[in-house]
Amino acid sequence: MTEAATTLQPRTWHRFTAGQRLARFAIHLAIVAAIVASLRSVEVIPEFIADAPQQMRDLLQRMWPPDWQYYPKGVHEALMETLHIASLGTLLAIIMAVPLGIMAARNVTQNSFANLFARLMLVSSRSVNSLVWALLFVGIFGPGPLAGTLAIAFRSVGFVGKLLGEALEETPRGMIEALEATGARHGAVLQYGYWPQVMPAFWSIALFRWDISVRESAVLGLVGAGGIGMALDSAMNLFQWQRVAIILLAIFAVVIITEFVVTAVRKRIL
Amino acid sequence: MTAAQQVTVGATAALSVRGLHKEYVPGQPVFRGIDLDIAGAGLTAIIGSSGAGKSTLIRCINRLVAPTSGQILFEGVDLAKARGKPLREARRRIGMVFQEYNLVERLTVMENLLTGRLGYLSAFTAWRRKFPAADIERAYGLLETVGLTDFANTRADALSGGQRQRVGIARALMQQPHLILADEPTSSLDPKTAVEIMQLLAEQGQAAGIPVLVNMHDVLLARRFAQRVIGMARGGIVFDGSAEALTDDMLKTIYGGEQWLH
Amino acid sequence: MAALSSGPAPFSLSRGAKISFALLAVYFLWAAAQLEFTAERFIVGLDNGARFLDRMFPPAIHDWDSLTRGLTESLQIAVLASILGILLALPIGLASARNLMPTWASWPARTIIALCRSFHPVIVAILFVKAVGFGALAGILALTVASVGFVGKLFAEAIEEISAKQVEAVRATGASFASIVIFGVLPQVFSRFVGFATYQLDSNLRNSTMVGIVGAGGIGGTLFSAFQRFDYDFVCAILIAIIAIIMIGELLANQVRAIFIDNLSFGELLRRRFSGFRGLTTERAAND
């Protein structure tokens, strides 16, 4: 067959159109610019980087062996307290998140002001770290698990509320319309139309958030909000590295157990 | 420029299978003692009931499945034992068409075609998508041949089954193969499209002058398009001859039972 | 006509569910008692809280310099930790995909990822502070570890869910392993990967505001010292700044997702932006 005629332009192919290429290039450029800008101005002392592996090894050596004896008197109660903080905090968060999630879902609540307000609340809740929330509540209620529980609650509302809102927005229209056509009250539509649809997602979100809350509760004590974090804080301040080790191990164990529990419950109910 | 090549497969067989044996569970072979020679342009159909080992055999030829023992000689390389570079170089000379098209769904038709050239390019060139101009030309040419010029930049998962299989065939042809394997290429298609696809396969094989080896379970299609038919049953080859020689009695031997024949 | 049988009422819960709920309720009450939650404490707290909030408003910026320095440092930490973390997560995540890799590669990779995920970023930050000293480096390293854990795990899961058929076809063309990954695996997981990566960038931005509390750099340090000095109105200003930055981060992440997942062109992006702002943040990546 004929070779490609030299007078004909060879056909070309590009993966992306010019417009797409421009957009992608812009992103790549922005990323590189951000990296360069950050690297240039971040204050990092080179000697510290060189020293780091040695320091880490030193630290790990000092943490071994973990102080097993310390567990019963120093760790166990605090660990349980951490669990309670996480659980109660998540419960409170769910209670607050349900109305906010309903308000934020544009198909359930047709009022744009309510949507906006709810979204603003949820975003703010998520933007403030649980540790920072803990700081605030320690200032208000004083140190202790109350501050910790409220911190977990207020941080989790955003997470649960946002995902709940999204789950609500994704419910298929047809079922809701059928209910509304029967003249059902708004509350009934919620209970019998939306709730069965979002129920699996709801439990999944709740479990997921509880899992994360357990991890977060462990550190709240660092700012005085109760739980194992306080034991960790004092052990570190006193340079009792072997106690630090046992505390870290305890936290690790609780996190693993929590994951198991969550996976098991998930399998059973979903 | 279309995909027509003047590749002459000489008197020596392009593909020679000797004593091929495959078992997944020890003691329960899928097939054994398979001897086969494929040479010259033309379509060879392998027929047999499900589980007779047709698909496994085809997949052993380009080593997607590893045979338990035996020899698969292709252009001087024993594919049963080859590894690494020699295996890849042999594979790029064998084009394969799959029952479920196996296109990369998220890529466009054009990109799927160009994956046919991956055996000839370095990973770096491929990553940067800097395909040689000749490859691009060939791709456009093949798109014309299979009648999908308008779909060059459509995503593969937006196509119908028949269209996807055309892309699959075009992808195989992009490799400039010396042999085409097809594993039940029409089983997922409606009867009319199935005929069109078999037609395309047969024509393109002839145009390129290369053998086409097709697994199929539709005997009518086999009779219509294949010059040679191989029947497999109970782990072995029980028939190897022209499509004309395929009598009803022979079919009974291959598939067993009579009800389905009439 | 046959009488209607009286089966269980349609919307009632199963016995198992009822028992579980009852147990949960008991647990919650017990836990609250353990923590000594009394109405009294709460009311005292509310009073305290009112005074506290009073001191927070109106927000006032006492020290522009430390505020901007803190925020910049947090941004730097977030950017560098995300880039480093994502870059590391790619090969580690790929290595831990059991459908692609032999056990000797996947097992160590999975262990690395599990370790990275196990500890809260703050704890990791504390350890790095002890190891490399106060400052941004500890924060960057800590958040890199967190990123590798999160992105690596999700990336591996995405890879393990791909269709083997598409990969098989690319293998059959004689492509090298790298080419198979690029053309067979990555197209199937890329959009999800962009989703994780932007989520992690967002998450790092949030966490970078907090690691400063333990000395690992960023606005957290400024916040903590303002708190300890009882400058609650400054605290409020800092919080508002943090929330603002995070919201901007979310918006930017949406744009990045739009460009890489939806493959939007520049023109389409501009059109989208000006055709209305539905809700403050719609963080949903368009389904592919």
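About its Cα centre, the dipole of the range C:140-268 is roughly 240 debye, where the only charges are +1 on Lys and Arg Cβ and -1 on Asp and Glu Cβ.
When the Kirkwood hydrodynamic radius is evaluated over all pairs of different C-alpha atoms of the range C:1-153, what value in angstrom, to one decimal, is obtained?
When all Cα pairs of the range C:1-153 are included, the Kirkwood radius is 21.4 Å.
Within the listed set A:A134, A:A93, A:A52, the Gaussian network model of chain A (springs between alpha-carbon atoms below 10 Å) gives the highest mean-square fluctuation for A:A52. Take the Cα of B:E89, step 7 Å toward its Cβ, do the same at A:A114, and the gap between the two points is 7.2 nm.
Compute the convex hull volume of the Cα atoms of the range B:59-147, divide it by the residue count, and report the result per residue in Å³ as a whole number. Walk me through the numbers on the way to the answer.
Working: hull volume 11.2 nm³, N = 89.
Convex hull of Cα atoms, per residue: 126 Å³.
What full-extension length gain, to one decimal in nm, is calculated for B:T125 and B:T247 as 0.36 nm per residue of separation minus the Cα-Cα distance?
Working: separation 122, 0.36 × 122 = 43.92 nm, distance 5.22 nm.
Stretched fully, the B:T125-B:T247 segment lengthens by 38.7 nm.
Shielding of peptide A:136-148 by partners, expressed as the average count of other chain Cβ atoms within 10 Å per residue Cβ, is 5.
The range A:92-146 and the range A:29-83 have their alpha-carbon centroids 31 Å apart.
Scan chain C and note any complete DSSP helix (H) whose C-alpha atoms cover at least 30 Å along its axis and whose Kyte-Doolittle average is -0.5 or more. Please report the intermediate quantities before stating the final value.
Details: long enough: C:64-95 (46 Å, 1.28); C:136-160 (35 Å, 1.58); C:186-208 (31 Å, -0.13); C:232-260 (42 Å, 1.88).
The answer, listed by residue number, is C:64-95, C:136-160, C:186-208, C:232-260.
For chain B, the longest principal axis of the alpha carbon atoms and the long axis of helix B:191-208 meet at an angle near 70°. Taken over the protein assembly as shown, the alpha-carbon convex hull comes to 249 cubic angstrom per residue.
Using a Gaussian network for chain C with springs between C-alpha atoms less than 10 Å apart, which of these wobbles most: C:E157, C:E250, C:E168? Most flexible of the set in this elastic network: C:E168. Zone of C:A244 (label point 7 Å along Cα→Cβ, backbone N under 16 Å): which residues in the range A:128-156? The answer is A:128, whose backbone nitrogens lie closer than 16 Å to the label point. Only bridges with both residues in the protein assembly as shown count here: give the DSSP antiparallel percent, nearest 5. Bridges in the protein assembly as shown that DSSP calls antiparallel: roughly 55 percent. The modelled label-to-label distance for the pair C:W64/B:Q206, using points 7 Å beyond Cα in the direction of Cβ, is 8.4 nm. Taking 0.36 nm per residue of separation and subtracting the current Cα-Cα distance, fully stretching the chain between C:E40 and C:I19 would add 4.4 nm. Peptide C:122-134 has a mean of 6 when you count, residue by residue, the C-beta atoms of other protein chains within 10 Å of its C-beta.
Neighbouring Cβ atoms from other chains, within 10 Å of the Cβ of residues in C:183-189, number 5 on average.
Compactness of the range C:64-256, taken as the C-alpha radius of gyration over 2.2 N^0.38 Å, stands at 1.20. Return the FRET efficiency for the residue pair B:N153, C:F57: r is the Cβ-Cβ distance, R0 is 41 Å, and the value is rounded to the nearest 0.05. After rounding, the FRET efficiency stands at 0.10.
Hey, any idea what Rg/Rh is for the range A:67-269, computing Rh the Kirkwood way over Cα pairs?
Numbers: Rg = 19.8 Å, Rh = 18.2 Å.
My calculation puts Rg/Rh at 1.09.
In summary, the helical segments of chain A meeting the span-like criteria, namely a full DSSP H run, a Cα extent along the axis of 15 angstrom or more and a mean Kyte-Doolittle hydropathy of at least 0.5, are A:18-41, A:76-104, A:112-127, A:130-141, A:145-169, A:195-220, A:241-269.
A simple packing score, the average count of other Cβ atoms within 10 Å per residue, orders the peptides B:228-240, C:38-50, A:135-147, A:152-164 as A:152-164, A:135-147, B:228-240, C:38-50, with the highest score first.
Between C:E157 and A:A253, what FRET efficiency comes out of the Förster formula 1/(1 + (r/R0)^6) with R0 = 25 Å and r the beta carbon distance, rounded to 0.05? Before the final figure, lay out each step's value.
Working: r = 24 Å, r/R0 = 0.96.
It comes out at approximately 0.55.
Excluding C:L223 itself, what net charge comes from residues whose Cβ is under 14 Å from its Cβ, given Lys and Arg +1 and Asp and Glu -1?
On the way: positive: C:R69, C:R206, C:R229; negative: C:D63, C:E73, C:D231, C:D233.
With Lys, Arg at +1 and Asp, Glu at -1, the net is -1.
Take the Cα of C:Q228, step 7 Å toward its Cβ, do the same at A:Y192, and the gap between the two points is 6.0 nm.
Suppose R0 equals 45 Å. What FRET efficiency, 1/(1 + (r/R0)^6) with r the Cβ-Cβ distance, do A:A178 and C:Y27 give to the nearest 0.05? Write out the running numbers ahead of the final one.
Numbers: r = 38 Å, r/R0 = 0.85.
It comes to 0.70.
Every number in this text was worked out from the coordinates using simple rules, so none of it is lab data. A quick note: this is a predicted structure, and the numbers were derived from the prediction, not measured. Reconstructed Cβ throughout: ideal geometry from the backbone, glycine too, with neighbour counts over all protein chains shown.
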